[in-house]
Structure formats: C-alpha cells, structure tokens
1. I'm trying to understand the selection: among the residues of the stretch 529-546, which are over 12 Å from the mean Cα position of the chain (by Cα) and open to solvent by less than 20 Å² (accessible area, probe 1.4 Å)?
2. Being part of a strand (DSSP E or B), of a type in the set (D, E, K, R), open to solvent by 10 Å² or more (accessible area, probe 1.4 Å) and in contact (Cβ under 8 Å) with a residue 12 or more places away in the chain is the requirement here; does E301 meet it?
3. Which one of these does S462 not meet: (1) crowded, with 24+ Cβ neighbours inside 10 Å; (2) within 16 Å of the ligand (Cβ to nearest atom); (3) of a type in the set (G, A, S)?
4. Show the residue pairs meeting these rules: Cβ distance below 8 Å; 6+ apart or different chains; first residue within the stretch 536-553 and more than 20 Å from G490 (Cα to Cα); second residue assigned to a strand (DSSP E or B) and among the polar types (S, T, N, Q).
5. What is the number of the single condition among (1) within 16 Å of the ligand (Cβ to nearest atom); (2) hydroxyl-bearing (S, T, Y); (3) modelled with pLDDT of 95 or more that T384 does not meet?
6. Just checking: which of the strands (runs of 3 or more DSSP E) contained wholly in the stretch 519-602 hold 2 or more residues that are of a type in the set (D, E, K, R) and in contact with a Phe, Trp or Tyr (Cβ under 6 Å, 6 or more places away or on another chain)?
7. Looking only at the stretch 465-482, decide whether some residue is at pLDDT 95 or above and either closer than 30 Å to R313 by Cβ or hydrophobic (A, V, I, L, M, F, W, C) (or both).
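The values are calculated or read from the model by the stated rules, or taken from the named source; none is laboratory data. Bear in mind that the values here come from a model prediction, so they are computed numbers and not experimental data. Glycine gets a Cβ as well: all are built from the backbone with ideal geometry, and neighbour counts include every protein chain shown. Heavy atoms of the whole protein, side chains included, go into the accessibility calculation; ligands, DNA and RNA do not. Shrake-Rupley method; radii C 1.70, N 1.55, O 1.52, S 1.80 Å.
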Amino acid sequence: MGAGDVSLLLRGSCPSPAVPRRGAQEPTGVTRSCPAAPQPRSPAAQLRPRPALRPRSARASALFQDGRRRLCDRPGHVGAVAQGVAAAPAAIVPSRAPSRGGGRPVSRSPSGHGDGQGRGARGRGGAWRRVGAAAAAALSAMRRGSGDREPAAGREAERVGLDAGAAGEPEREAPEEPREERAPGRPRAAREGDASAVPPPPQPARARGLRLHREAAGKGRGCGRSSGNPADELRPPRPVTVDSSKARTSLGALKISIRQLRWKEFPFGRRLPCDIYWHGVSFHDNDIFSGQVNKFPGMTEMVRKITLSRAVRIMQNLFPEEYNFYPRSWILPDEFQLFVAQVRMVKDGDPSWKPTFIVKPDGGCQGDGIYLIKDPSDIRLAGTLQSRPAVVQEYICKPLLIDKLKFDIRLYVLLKSLDPLEIYIAKDGLSRFCTEPYQEPSPKNLHHVFMHLTNYSLNIHSGNFVHSDSTSTGSKRTFSSILCRLSSKGVDIKKVWSDIISLVIKTVIALTPELKVFYQSDIPAGRPGPTCFQILGFDILLMKNLKPILLEVNANPSMRIEHEQELSPGVFENVPSLVDEEVKVAVIRDTLRLMDPLKNKREKQSQPHKKPLAGKEGPSDCEPAGASDTNPNPEAHLPSICLKQVFPKYAKQFNYLRLVDRMANLFIRFLGIKGSMKLGPTGFRTFIRNCKLSSSSLSMAAVDILYIDITRRWNSMTLDQRDSGMCLQAFVEAFFYLAQRKFKMLPLHEQVASLVDLCEYHLSLLDERRLVCGRSSRAGGRAPGSSTPQGATRSAEQADGHPPCCTDSARKSSGPRRALS
Ligand code: ADP
C-alpha cells in the first residue's frame with residue numbers, strides 16, 4: 001500500500017472539526033468529565049444492560065491510595081542481595097516458572113543462555129558469569145543508550161509497506177486467574193443454550209473429545225462441503241456459532257461483533273460443538289476438542305516479562321541490529337551480578353553517564369510494583385531481589401511527547417496461525433497518556449508515576465485524567481489521531497508505521513519457537529483438538545526520534561469498551577467508552593471475519609446473487625447492502641477489514657530471522673514422547689547421530705556430557721523437576737555451542753544458519769531413505785516392535801542412528817507437523 005493509502009486512512013481517522021460533546025475535554029485540560037451528566041450512549045451501547053451502580057472496588061481504591069507508594073516505598077531487605085543474588089551464579093533459584101494452564105508446571109529456565117555480550121553459545125559453567133573484555137563493545141552500545149540507536153541497517157529492508165493507522169490500549173486485563181480445574185465428566189449440557197439438549201452421560205475427557213470432534217466434523221466443519229444436492233448449494237449457510245461463555249471482560253465487544261456479523265452466540269455454552277470458542281484468559285479456560293479457539297496454549301507464559309526478555313535476547317545474540325528495538329534487560333535475581341558489573345564498567349569508562357533503569361516484576365501488570373532507579377545499589381532493588389523475580393531494563397529517557405505528556409501505543413496484533421505463520425496488524429490502536437508533564441528522570445521525580453508510567457489503570461486515578469468522547473483528545477486517544485497530528489507537523493508517518501510493522505513481525509518471530517513446543521504438547525499431532533488464533537496487545541513507546549520501542553506484549557489485552565465514572569464519592573458506574581468501542585469492536589469483529597469457518601461456502605453461495613446485480617446499471621438499482629435477509633453475505637454492510645496482513649506478506653524480508661524457529665522444528669522432531677516439552681538424553685543423542693554431528697573431535701561421550709551439563713544447569717534454575725530433560729532454550733544453547741565448534745570463523749548467526757542447514761539436509765536424506773524403504777517394505781509389513789506406523793518411525797529414530805525398516809508414514813511424522821493454526 002502506498003502513501004495514498006495512508007492519507008486515506010488518516011482522512012478517515014483524523015478528528016473532524018470540533019463538535020462540542022458533553023463530557024469532552026481539552027487535551028491539556030485538567031478537569032474531569034462531569035460524572036453526573038448522562039452521556040449519549042452509542043447505539044451498540046444501548047443494547048447492553050445498564051450496569052447497576054456499585055461502590056468503588058477495593059482494588060481501585062487501593063490503587064488510588066497506593067499510586068505513589070508503588071514507586072518509592074517498598075520495604076528494603078538488604079540482606080537479600082547477599083543471600084539470593086550475590087550468590088554463585090549457578091545458585092538454585094526458587095521457581096518462578098509459571099504453571100501451564102493444564103496444571104502441569106513447566107520448566108522455565110531463568111538464566112538467559114546469552115551472556116549479554118552478543119554471544120549465544122556457552123560452554124560449561126554458564127557464560128553469563130563472565131563479565132570480560134568481550135562485553136566492552138556491547139556495553140558501549142548500552143552506554144549510548146537506546147536513544148542513540150539507529151534503526152537496524154543492512155540486510156533487512158526496513159521499510160515495509162504500510163497499511164493503516166495504529167493505536168494503543170488503556171488498561172490491561174486483570175491478572176490471569178488460575179486455570180479452572182478440568183472437569184472431564186461434566187457434560188456441557190449443564191450450560192446448554194439449546195433447550196432441547198439432553199445431557200449425555202459423563203465420559204472420560206478424551207473419549208468425549210473424540211466424540212465431539214466427530215460431531216464437529218460431521219456438523220460444523222462439514223458445512224463447507226457440498227452434499228451433492230443442488231438445493232443444498234443454494235440454501236443459505238447456517239450462521240457461525242460462537243461460544244462466549246468464557247469471554248469475561250471482552251463479552252461486550254464480542255456481543256456487538258457477533259450481532260454485526262449476524263452470527264449465533266451461545267452465552268452459556270452449548271452441548272454441541274461451536275465453530276468458535278472465545279476465551280477471556282487462556283487456552284485452558286474450557287475443554288475444547290474441535291473448532292477454533294482464540295488462545296494459543298503457552299502464550300500467557302511466553303509473554304511474561306522474563307520469558308519475553310529471554311526470547312528476545314536469543315534473537316539479539318543472533319541479530320543485534322535487528323532486535324535493538326527492545327531495551328537492554330537483565331533478569332533478576334539471576335543476572336543481578338552481571339547487571340551490577342556491566343553498569344559499573346560503563347560508569348568507570350564514562351563518569352558523566354547517568355543512566356536510569358526501570359524495574360518490573362515478572363508476571364506483573366498495570367504498572368503494579370514498577371519503579372525507577374538510578375543505580376543498581378538502590379535499596380528497593382534489594383527488596384525486589386528477595387521478594388519476586390523481575391526484569392530490570394534501561395529506561396527510555398527521551399520519549400516522544402504530545403502536549404508535553406509521555407504516551408504509549410497499544411496495538412492489536414492477530415496471530416492467525418503459527419505454522420504457517422500468519423500475522424495481521426490492526427490499522428488503529430489506542431494511545432494512553434500520562435497525566436503529569438514529562439521531565440527526564442532525576443532523583444526528584446523518579447517516584448512520579450503519573451509522569452513516567454503510561455498505564456491507564458494508574459493514570460485514571462490522577463485528578464488530571466481526561467475522559468473524552470473524542471478520539472483525538474483526552475488521556476486515551478486513537479493512535480490514528482496521533483499519526484494524523486504528527487503528519488500535520490511533517491513527520492514521515494509511513495516510516496513510523498513501517499518500523500512498527502517490522503517490530504511486530506520480529507517480536508512474533510522471537511516468540512513462535514517456544515509456542516510451537518507448547519502447541520505440540522497440548523494438541524499433539526493426530527489427536528483431536530481445536531485450531532488456535534489470538535489477539536495480542538503490543539505496548540510500544542515512540543522515542544523522540546520516532547523509533548518505536550517494544551515495552552511488552554499482552555496475551556490478554558483488555559477488550560473492555562466501558563470505563564468507570566464516579567457518580568458520587570465512592571460510587572462508580574460503568575459507562576461506554578467511545579474510543580475503546582471504536583477500536584476494539586472492529587478488532588474483534590474483523591478477527592472473527594478472518595477466522596470465519598463458513599466463509600468459503602458463503603462466498604460460493606453469494607455468486608448467484610452477484611450476477612443479476614452486475615447486470616444492473618446504477619447504484620440506485622442495487623439493493624442496499626445487507627438490507628435483505630436473503631443476502632447470504634452478512635458482511636456486505638460492514639466496513640472493510642481493519643486488520644492488515646503483514647506476514648507472510650513481508651515474509652521475504654524477515655524469513656532469514658527464523659533460525660530459532662527451525663531449531664525448534666528439530667527439537668520437536670526428536671522429542672519422542674507425545675505431549676513432552678523436554679528432550680531426553682536418547683533424543684539428544686539421536687539428534688546428534690541423525691544429523692551426523694559427532695566426529696573424532698566430538699565423541700558421543702562428549703555429547704552426553706554436553707547434554708548433562710547444559711540440562712542440569714537449566715533445570716537447576718527451576719523447581720519444576722517433574723518433566724525432566726532438556727528444554728528448548730537449553731537445546732538452543734547446545735545448538736549454538738555445536739555451531740561455534742563446527743563453523744569457527746563465521747559470525748554467530750551464520751554459524752547457526754550453517755548448522756541448521758546441515759541438520760535439515762541430513763534429516764531430509766534420512767527421510768528419503770525411509771520413504772524408499774517404506775515403499776519396498778509395504779508388502780512385508782511393519783517393523784517389529786512397533787504397533788503403529790508412527791511408532792515404527794519413532795523407534796527407528798530412538799534406535800540411536802540405526803533406522804530399521806520403516807514405512808512412508810515416517811515421512812509424515814518427520815516432516816512438518818500438521819498446521820499449527
Ligand atoms: P505493566 O505490564 O505493569 O504495564 P510495562 O512493561 O507495560 O508493565 O510498563 C509499564 C509502563 O512503564 C509502560 O506503560 C511505560 O509507560 C513505562 N515503561 C516500561 N518500560 C519502559 C522503558 N524501558 N522505558 C520507559 N518507560 C517504560
């Protein structure tokens with residue numbers, strides 16, 4: 001899309017000349033909208049039941065009172081530094097591994113495998129202990145600060161085409177709740193929306209899953225197929241069914257979307273399978289065995305602050321230039337000594353350097369527990385080290401200001417499919433504003449939350465917060481209105497968008513490898529299961545020089561379309577928020593449109609309707625779009641889709657970054673046991689043998705030692721010992737080590753790419769051999785000892801490089817698994 005498209009977007013989204021609205025405020029105003037004045041409700045909002053008045057929640061009240069305390073008054077526990085942090089680097093760290101939704105805790109190795117110096121491979125002993133001369137280059141880059149970084153240069157064509165505006169979000173979903181216990185025997189009929197439904201007898205979960213899956217295949221998915229009866233072809237397709245019983249705070253926007261699409265909602269669930277399940281928290285909100293669900297397994301874990309930092313760091317080790325959009329971060333308490341040493345080293349070299357750091361507790365949200373420090377010796381850091389794991393990060397001191405206020409952007413990104421990777425970005429998002437004019441951090445203002453943190457959930461409690469019905473004024477605006485304003489000042493907003501798209505694609509590329517491991521664990525190939533998609537909330541800060549910086553990714557971005565209004569002291573009412581509604585309803589509705597399982601059938605059936613219309617002359621002859629119930633295209637009356645595909649559209653520019661993804665494919669291939677997320681010693685040996693990586697200089701005994709050394713170190717950093725073995729990140733570390741040994745003279749990413757190529761080459765040869773072998777053995781039956789063709793393949797691979805006779809199903813199981821979409 002060209003510049004013209006951008007201006008089109010902007011025309012559409014720029015604020016129209018001021019139309020006075022009740023409750024609207026000036027952008028810089030300090031007054032709050034009159035709470036008692038009834039506000040005009042949007043037509044959609046009128047459809048919703050008006051919520052009862054309720055007293056201020058305890059949480060809101062606590063936040064209000066606690067606003068400033070958060071930044072400054074945490075009790076310090078000085079002893080913690082010595083005990084928990086200054087200890088030996090390989091110290092056992094209390095588990096901070098998030099428990100996977102399924103209740104199975106997952107090992108999340110806390111130590112980054114990178115050493116923070118642009119090197120990925122580690123030998124024994126953990127390279128992050130080393131704070132050597134090799135750090136100097138990276139440190140000087142840090143010293144320059146993100147503010148001085150130039151956009152990535154070189155291989156990547158930075159400027160991808162852009163399609164639309166953007167926006168951010170004010171508040172985050174409430175912290176994820178513990179996953180509900182699965183109740184395998186509980187029939188869905190208990191929550192039935194169909195009056196006729198008779199609850200089936202309880203069944204074991206898997207058996208029920210299989211049954212539901214078959215029902216889905218026969219009734220739901222089958223709808224796309226032709227029955228062969230011409231009358232069926234002409235009959236309008238049934239509406240898409242959506243189970244919204246677990247939608248939680250996104251329910252309001254979801255209901256409006258379903259109504260606009262003329263689909264059928266099941267607000268209390270349904271005995272029969274639905275086409276789409278909308279979960280408010282995680283994949284595991286409900287047992288699902290068919291259809292589509294709006295969450296990926298493992299996503300919540302992947303975007304936690306520590307996990308995200310670690311995933312991005314692997315990419316920074318491989319591609320430092322391309323991934324300089326993420327502030328330099330250290331994981332606490334594991335990397336506290338590294339943090340101290342690196343900061344000291346830079347300060348020694350340049351005493352005038354006065355950095356600021358932001359400390360963010362892992363798993364926190366809505367600004368909870370975040371504070372700024374100027375030095376690693378800050379007393380509050382000692383308290384954090386003792387109490388909870390956290391990320392400490394360079395603070396971006398020079399953000400772009402509007403009306404002298406700091407703001408960030410919430411962008412909505414749809415991960416439509418994992419394999420093949422499909423990413424969409426919403427044209428518009430939200431911008432959340434601080435409520436106190438910004439000043440660069442100094443000891444005097446470090447604790448000013450309303451100056452430094454853009455969280456809606458914090459700033460809403462400021463007396464300066466401005467609710468506005470206009471999308472271009474107030475403390476929460478559309479991002480497109482910001483772009484419009486920047487454009488009027490001569491800013492190249494096409495470049496800004498292009499950089500943002502690039503940031504989003506690269507971040508998703510960093511997340512996908514481990515997501516694939518989660519996926520195959522929760523939905524093993526060959527078993528019934530739903531397909532997944534997910535809306536992610538990207539929080540992005542624009543620097544003064546307009547470079548976008550990734551702050552974090554939210555797996556459950558708030559989709560609320562209301563905000564609280566105080567009617568009288570302590571009494572609040574939820575009122576519609578027009579800005580939220582405008583952005584979020586479009587995102588949910590258009591996500592549903594993209595995922596529509598009956599799209600093909602509907603499009604096919606709309607063909608006969610198009611023909612007679614095409615023959616008519618003028619628009620006045622046409623039936624208004626969507627006016628007729630017989631029109632099988634219920635989307636005819638809807639605006640064009642607000643989500644723009646960016647991947648695979650720009651795949652060519654970014655595919656070279658997907659090295660870890662290819663490593664994850666190797667890792668998954670050798671996992672062996674279905675549902676496992678860790679590689680056993682035999683699997684690792686088989687990987688080495690099948691890829692022909694052992695040699696006279698790397699004996700199998702050395703391979704075993706490598707496995708034990710790396711695995712033990714990673715596992716020692718988590719209390720999750722149930723699932724023993726090598727996690728993906730440990731495998732990546734081992735892979736980097738092997739790559740550096742084999743291709744000594746190349747830069748790291750070329751070493752790794754060469755080794756991945758080599759492994760894939762040998763495995764494809766092996767697959768070919770098995771294919772041939774399978775054909776010739778077809779008459780002879782299966783390999784002994786295997787009860788299934790897949791078992792034959794697996795036993796072949798587990799046989800330490802001595803593949804027995806196998807079938808051509810081996811190829812299926814060793815090639816790309818079924819689409820992880
Ligand atoms: P939370 O999940 O608690 O909202 P965030 O990582 O989003 O945590 O940080 C909260 C706020 O702090 C952000 O909205 C942003 O305003 C500010 N912030 C976070 N990281 C940085 C940073 N590295 N530099 C500047 N400001 C930051």
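1. G529, P530, C532, I540, L541, L542, M543
2. It is false that E301 is part of a strand (DSSP E or B), of a type in the set (D, E, K, R), open to solvent by 10 Å² or more (accessible area, probe 1.4 Å) and in contact (Cβ under 8 Å) with a residue 12 or more places away in the chain.
3. Result: S462 fails condition (1) only.
4. L536/N554; G537/N554; F538/N554; D539/N554
5. (3)
6. 562-568
7. yes
Quick grid of which residues meet (1) over 29 Å from T300 (Cβ atoms); (2) away from the ligand (no atom under 16 Å from the Cβ); (3) among the basic types (K, R); (4) modelled with pLDDT of 95 or more:
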| position | (1), (2), (3), (4) |
| --- | --- |
| I535 | no, yes, no, yes |
| D539 | no, no, no, yes |
| M543 | no, no, no, yes |
| K547 | no, no, yes, yes |
| L550 | no, no, no, yes |
| E562 | no, yes, no, no |
| Q565 | yes, yes, no, no |
| V571 | yes, yes, no, no |
| P576 | no, yes, no, no |
